[in-house]
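Inspection log for the structure reproduced underneath, given as structure tokens.
The values are calculated or read from the model by the stated rules, or taken from the named source; none is laboratory data. This one's a predicted model, so the numbers in the text were calculated from it and none came from an experiment. FYI the Cβ positions are ideal-geometry reconstructions off the backbone, even for glycines, and counts take in every protein chain you see.
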There are 2 protein chains.
Amino acid sequence: MTTQDARTPENAAQNTADGGAQREIGWHKGYLSGTRPDIRVPVRRVHLTNGRDVTLYDTSGPYTDPNIDTDVRRGLPPLRENWIVARGDTEEYPGREVRPEDDGIRHTSPRGGLRNLDAVFPGRPRLPRRGRDGTTSVTQLAYARRGEITPEMEFVAIREGCAPEFVRDEIAAGRAVLPANVNHPESEPMIIGKNFLVKVNANIGNSAVTSSIEEEVEKMTWATRWGADTVMDLSTGRNIHTTREWVLRNSPVPIGTVPLYQALEKVDGRAEELSWEVYKDTVIEQCEQGVDYMTVHAGVLLRYVPLTARRKTGIVSRGGSIMAAWCLAHHKENFLYTHFEELCEILRVYDVTFSLGDGLRPGSIADANDEAQFAELRTLGELNRIAKSHDVQTMIEGPGHVPMHKIKENVDLQQEICDEAPFYTLGPLTTDIAPAYDHITSGIGAAMIAWWGTAMLCYVTPKEHLGLPDRDDVKTGVITYKIAAHAADLAKGHPRAQEWDDALSDARFEFRWEDQFNLALDPDTARAYHDETLPAEPAKTAHFCSMCGPKFCSMKISRDIRREHGGDLAVEAVGAGDAAVDPGVDPEEGMRRKSEEFAAAGHRVYLPVVD
Amino acid sequence: MTTQDARTPENAAQNTADGGAQREIGWHKGYLSGTRPDIRVPVRRVHLTNGRDVTLYDTSGPYTDPNIDTDVRRGLPPLRENWIVARGDTEEYPGREVRPEDDGIRHTSPRGGLRNLDAVFPGRPRLPRRGRDGTTSVTQLAYARRGEITPEMEFVAIREGCAPEFVRDEIAAGRAVLPANVNHPESEPMIIGKNFLVKVNANIGNSAVTSSIEEEVEKMTWATRWGADTVMDLSTGRNIHTTREWVLRNSPVPIGTVPLYQALEKVDGRAEELSWEVYKDTVIEQCEQGVDYMTVHAGVLLRYVPLTARRKTGIVSRGGSIMAAWCLAHHKENFLYTHFEELCEILRVYDVTFSLGDGLRPGSIADANDEAQFAELRTLGELNRIAKSHDVQTMIEGPGHVPMHKIKENVDLQQEICDEAPFYTLGPLTTDIAPAYDHITSGIGAAMIAWWGTAMLCYVTPKEHLGLPDRDDVKTGVITYKIAAHAADLAKGHPRAQEWDDALSDARFEFRWEDQFNLALDPDTARAYHDETLPAEPAKTAHFCSMCGPKFCSMKISRDIRREHGGDLAVEAVGAGDAAVDPGVDPEEGMRRKSEEFAAAGHRVYLPVVD
């Protein structure tokens, strides 16, 4: 693979004359190329002051490429369009009529109920696309099962640093999903599976109470800027269709939704008036817009609802409680369950991925791992097999609120019951006592469950349980979850994970402050915190920091030892290699012996820094 | 045990007329009494709007008791003084002369080098106290081994909710420590051991670069206000003696230090000029002031230093690097190791607890669990036995930077090597890539290591690696670590832990917003976040919140189900008890059967809320 960089290091260097660019010199957007010119995988290249480069996974989309002129009113370039068209298995078609009710507008509009697509999104008018004849499977799962490596799979392989065959095989086995609706050609392919890097989802969405379309688009780009791998639009209020359209046309990452929320809006919030017909109409509407994965609460069965009766916090999933209310109102089985195969037939012609919702997830520590939760999980296992038999990619959602000692059982059971389908969990929160800090209570659980096999983590922001996240909360949630995901990548021994930590720790030990900042998950905040105590520019290169001051710094002492006692002898030559403690040797005797060896070798301890 | 409350609920109600008191009505300071009137154990009582009380552990000291008039210039009342005197095994003595050098002042003062104690601290002049004849062991360990239950042990038993005999036995076995210098009678007894609630330490301290005495006292009271169980004063700059005196005289929690930092100040920062004499003088100085536990880097042996040569980040412990520099400069064994028994003889006459420092802890993911680290740990195991043979209470410090999959080995090995002595770890940080968020990278590791047996967690603030923590950072660090500690208490099945979560989750399910805030680890921030989206006072009692709005709230739907379908029948009567999913039963058949049962029982699902 070759590399194409949006700004070469030389160009970057020229930019130092330009005020703010001084600080941006440390990194820029680059691309890795595949077997064909239109496979260009974005990366973040961090230039270190020691002349080296560190290449990091990049989710920020074209917005961070100064060579691409982005405009939210026009949308992103349709990166995957040629790949989709070239496969020749899809067709454009007129699509479902967009109605005012789709945006929660009840009154007949002056134009007789029909709204122009232009009014929804001013960008390129576009007909929806689906599998030919409305029946052909166009899912990455179908291709993988046929042994095909799609450009999407190759893109992902380059992104993850593995073989395209491995990507294909993991998808074919159902152990990974590559969410990529044919109507969302703007998205950069990514993969969710336990044998790949752990992914993070950020939720956005307006509600009946607050927020606007612009804010949601802004939150989406902001979340991906900090590392969100997918974004779920959970809007529930007005303009739900239009908000989603704007988010999709501008999103470089897969977009997930919960169609039930919009369906409920269409029946004015009365759960009992929901029906398969309203739901199906909503699903098709969202498939045509380009939603990449959908949470479907098909596992909330009528007979499970009474299992929640003695719970501390009942049903806390919105989707779960809506379906429970419907089931009880009609005394019928959940229509998502009874129509599940029909739903599969819809999703597979757009390549929409199932995210089978855990409507009965625990909402408190007391309710974790209870009968209701695991009963639903067993049904999700059943539905997972049905979805796969229809070539529909599928992941399984998980909790919720779970104390640490009950977390592993969740992922072990899910992997067993659901044939290793990717697990996608919300945290879990490891205690209920810290509203305003639930990004942390859940970040703990998220890191652990990801280590044990969860493929994607749904973030939790500081506003969880209290309010809607604003821009700062979105960033805090994403960064917290990137930490959890990366900690899990390290613990799982992902080959690329530790390179990043090593680069940052090297920079720390060598007092390369600017490199430390540029390699940080959040360079801005790291730099700002350093500036608070030692704002002067020379402190950025000082061989100490504000914690200890110049005299006390352990790093400095450690480096002074290396300098004063260092030399060019290999460590082995001074006895370090065999200096392990032998518990059988008298400590004083051992000390004397090693001390003599050490002195005899010329007091050399640390190897010089090799560059 | 009876209870004495600083402000009765009736009094609290009277306070509602007083502006700001409206918000404080939700909780007040209370006391639990022991077998004698001077054993009064502070608690935080949260009054719920449903008329119930929740009693929480309280570390905030007299500052939160409106009946006690505190004054930082006078210091706190000497709570334990009568207990110490009554034991009759201590003596007052003139003590070591306080010198200007103790505060890092080199020039001879106009008064000939001697400074009046009044100049150090304006409160009650006090002679230091020690074990009679300067040789008697006055440690809680010595008493416990003799089978005595001290008032300190009874205080702790009430605080933890266990039998005093259990406290005594855990101390006698060396599995727990009760840090309580006879010269710090102001401190409220607390215990550190894996069979008790997990504790949190907050570091404060000025440095050569920044900070003042007032700020440090303020940080100490602020840290304990949010739940710090102990505070370490890690000051390194000027006024080190005076700062410590002010902190001690005003601290309701045990204070820890690293005497080596001050010793190094006394030799003007030149590690090679350190000596046992300077160190011993400093230890006695701090023992006489009342320091409750001291970090001693006696395990950094000369022969271990070369083991760090190939490390990514060398030696990152300040104490460890100072001792390594000394060892190498003199080519002699660490004087803390060679004089360790002499040190024990000093500590035991004041009841100062050892915190055996991990000077070779890993400072990066790459260095975790390496030979250097575990070689030192084996030496700490040896020192632990020596300390115990001198009746000195001992805990063992642990890392540092450790990826998740290497954490458990740390605590398992420490427990084995150190005869289950309490483990006291710094995090560990589970990744290096997030400077500015190391409270989170380490909070993850802290929760896990505490679950597996660590007794006390040393907090990490957002400023770690970047600067000195300010007031906000101290709070964030403490709250994050309280979350980690409590998550571990839950996972360990501590009998009292889940009550708190249950009370908060009940309040959440029943839309008792004020109770939710008052029960939160940080009521102020929880309330502020809620106010941001829904500031109106009625929203505090609204049966919905801003995430979903009034129509969509799952809690509301869940409660509506309970209301509409609820009744007074027990859950068993409607078949919930036997509604478990039988995989052998055809799903549709099962559904039909349960649906009929459900209908036959009158559609009753949820039990009514029983109050």
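Can you tell me which residues in segment A:449-481 are at pLDDT below 95 and of a type in the set (Gly, Ala, Ser)?
Scanning segment A:449-481 gives a single hit, A:467.
Just one of B:201, B:195, B:206 is in a loop (DSSP other than H, G, I, E, B) and at pLDDT 95 or above; which is it?
Values: B:201 fails: in a loop (DSSP other than H, G, I, E, B); B:206 fails: at pLDDT 95 or above.
After applying the criteria, what remains is B:195.
Out of all the residues in segment B:444-486, which are more than 9 Å from chain A (Cβ to nearest Cβ), part of a loop (DSSP other than H, G, I, E, B) and aliphatic (A, V, I, L, M)?
Of everything in segment B:444-486, those that are more than 9 Å from chain A (Cβ to nearest Cβ), part of a loop (DSSP other than H, G, I, E, B) and aliphatic (A, V, I, L, M) turn out to be B:455, B:460.
What pairs come out if I take residues in segment A:253-272 that are over 15 Å from residue A:355 (Cβ atoms) and pair them with residues that are aliphatic (A, V, I, L, M) and not in a helix (DSSP H, G or I) whose C-beta lies under 7 Å away, six or more apart or interchain?
Close Cβ pairs satisfying both conditions: A:263/A:274; A:264/A:274; A:267/A:274.
Just to check your reading of the model, which residue among B:387, B:325 is in a helix (DSSP H, G or I) and more than 11 Å from every other protein chain (Cβ to nearest Cβ)? So that I can check it myself, show each step before the final result.
Working: B:325 fails: more than 11 Å from every other protein chain (Cβ to nearest Cβ).
Going through B:387, B:325 in turn, the sole match is B:387.
I'm trying to understand the selection: among the residues of segment A:496-534, which are acidic (Asp, Glu) and closer than 21 Å to residue A:558 by Cβ?
Here is the first cut: in segment A:496-534, the ones acidic (Asp, Glu) are A:499, A:501-502, A:506, A:510, A:514-515, A:522, A:524, A:531-532.
Selection gives A:501, A:502, A:506, A:510, A:514, A:515.
Being in contact (Cβ under 8 Å) with a residue 60 or more places away in the chain, over 24 Å from residue B:520 (Cβ atoms) and among the small types (Gly, Ala, Ser) is the requirement here; does residue B:450 meet it?
no
Among the residues of segment A:412-421, is any facing chain B (nearest Cβ under 10 Å) and assigned to a loop (DSSP other than H, G, I, E, B)?
No: zero hits.
Looking only at helices (runs of 4 or more DSSP H) that lie completely in segment A:495-537, which have at least 2 residues being of a type in the set (S, T, N, Q) and more than 7 Å from chain B (Cβ to nearest Cβ)?
Result: empty, no element qualifies.
Of all residues in segment B:358-376, how many are within 12 Å of another protein chain (Cβ to nearest Cβ) and within 24 Å of the chain's Cα centre (by Cα)?
Selection size over segment B:358-376: 5.
Please go through segment B:390-411 and give me each residue that is in contact with a Ser or Thr (Cβ under 7 Å, 6 or more places away or on another chain), among the β-branched types (Val, Ile, Thr) and assigned to a helix (DSSP H, G or I), ordered by number.
B:411, the sole residue that qualifies.
Name the residues in segment A:211-250 that are farther than 15 Å from residue A:470 by Cα, assigned to a loop (DSSP other than H, G, I, E, B) and either modelled with pLDDT under 95 or small (Gly, Ala, Ser) (or both), would you?
Correct list: A:227, A:228, A:236, A:237, A:238, A:239.
Could you check, for segment B:251-263, whether at least one of its residues is more than 27 Å from the chain's Cα centre (by Cα), within 14 Å of chain A (Cβ to nearest Cβ) and either in a loop (DSSP other than H, G, I, E, B) or of a type in the set (Phe, Trp, Tyr) (or both)?
Checked segment B:251-263: no residue is more than 27 Å from the chain's Cα centre (by Cα), within 14 Å of chain A (Cβ to nearest Cβ) and either in a loop (DSSP other than H, G, I, E, B) or of a type in the set (Phe, Trp, Tyr) (or both).
Residue B:351 is checked against (1) under 24 Å from residue B:202 (Cβ atoms); (2) part of a loop (DSSP other than H, G, I, E, B); (3) within 9 Å of chain A (Cβ to nearest Cβ) and fails just one. What number does that condition carry?
(3)
Considering only residues that are farther than 30 Å from residue B:445 by Cα and touching a Ser or Thr at 6+ places or on another chain (Cβ under 6 Å), which ones fall in segment B:308-363?
B:331, B:348, B:351
Do you know which residues across segment A:349-360 are of a type in the set (D, E, K, R) and touching a strand residue (DSSP E or B) at 6+ places or on another chain (Cβ under 7 Å)?
Listed by number, the list holds a single entry, A:358.
Does residue B:314 fit the bill of being of a type in the set (Gly, Ala, Ser), in a loop (DSSP other than H, G, I, E, B) and within 10 Å of chain A (Cβ to nearest Cβ)?
It is true that residue B:314 is of a type in the set (Gly, Ala, Ser), in a loop (DSSP other than H, G, I, E, B) and within 10 Å of chain A (Cβ to nearest Cβ).
Quick check: anything in segment B:429-442 part of a helix (DSSP H, G or I) and among the polar types (S, T, N, Q)?
Yes, that holds for at least one residue.
Give segment B:338-348 a look and list any residue that's within 14 Å of chain A (Cβ to nearest Cβ) and either among the charged types (D, E, K, R) or in contact with a His (Cβ under 9 Å, 6 or more places away or on another chain) (or both), or say none. Give the steps one after another, and end with the answer.
Of the residues in segment B:338-348, the ones within 14 Å of chain A (Cβ to nearest Cβ) are B:338-341.
Across segment B:338-348, the qualifying residue is only B:341.
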